[in-house]
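So the structure is just underneath, and the comments pick up after that.
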Amino acid sequence: MEDNRNNRNKNTYLILIAAGAFIILERFVGFWNLLGLLMILYGVHVLRGGGSSKKGYFLVIAGAFFVAGGPLALIIGIVLISLGLFYKKSKDLQQDGAFMQKQSLVGSIRYDREPWVLRNMSVWHAVGEMRFDFSLALQEEKEVTIILQGMIGNLSIILPEDMAVSIEGSVQAGSLYVGGVKREGIGNKISWQTPHYDSADTKVKLVASYLVGEVNIKVV
């Protein structure tokens, strides 16, 4: 009985918060734009969760029609294009075996506070920051591919000098610093690898790409 009452209270809180957020957002972006955005987000959630692909694609396409021509159309279009490119690059670089994928719209992704397992990984986010300290990483496989992509934000990576790393970095607008080489402005790209990369027993291939932001990769 107590659990049922707590569940009802929790649902009431969530409904009130959701209704309040909807009213506030609707005032700024309009009802149809907001509805379209929610449909797109739910469609992406369905596709990521392994649900019906037809349902997921229908929600994304229908949501795009709702926001087409509105103030959010350009933003939604860029997000979808970026996410599509992320999935394509992840598939192109995917190696045999497990390949972890992680997506986030807004937030912080951090692997710099405690030891973590270095494995094949694809990470994408729309807005926020990513921080990685590879000196804390535990590498269990001989060759690992890490793909890090974002739309707007910053990426900070620390690499130990004894790690064999090959890096492909790109920032369409912003700054890019890789292994002592810095690029600023528009269309920045840097390809770099440690001197002992080709002969190393264990290797890490790192692909870092941002549309707008700052990418800082240091070797210490």
* Asked: Is there any pair linking a residue in region 194-207 that is over 14 Å from V178 (Cβ atoms) to one that is of a type in the set (D, E), with Cβ under 7 Å and at least six apart or on different chains, and which?
  -> K203/E143
* Structure fact -> Counting only strands (runs of 3 or more DSSP E) wholly inside region 133-220, the ones holding at least 3 residues that are farther than 19 Å from D112 by Cβ are 143-159, 165-178, 181-193, 203-219
* To do: Taking L93 as the residue in question, decide whether it is of a type in the set (A, V, I, L, M, F, W, C), in contact with a helix residue (DSSP H, G or I) (Cβ under 8 Å, 6 or more places away or on another chain) and modelled with pLDDT under 90.
  => no
* Options L155, L176, L138: the member that is under 20 Å from S108 (Cβ atoms) and touching a strand residue (DSSP E or B) at 6+ places or on another chain (Cβ under 6 Å) -> L155
* To do: Output the residues belonging to region 181-198 that are of a type in the set (D, E) and on the phi > 0 side of the Ramachandran plot.
  => none
* Asked: F132: touching a Phe, Trp or Tyr at 6+ places or on another chain (Cβ under 7 Å) and at pLDDT 85 or above, yes or no?
  -> yes
* To do: Report the residue count in region 120-132 for those that are more than 13 Å from S104 (Cβ to Cβ) and part of a strand (DSSP E or B).
  => 3
* Limited to region 149-183, what total is found for residues that are modelled with pLDDT of 90 or more and of a type in the set (D, E)? -> 1
* To do: Would you tally the residues in region 139-183 being crowded, with 19+ Cβ neighbours inside 10 Å, aliphatic (A, V, I, L, M) and farther than 26 Å from D198 by Cβ?
  => 2
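The values are calculated or read from the model by the stated rules, or taken from the named source; none is laboratory data. Note that the structure is a prediction, hence the values are computed from the model and not measured. Cβ: placed from backbone, ideal geometry, glycine included. Neighbour counts: every protein chain shown.
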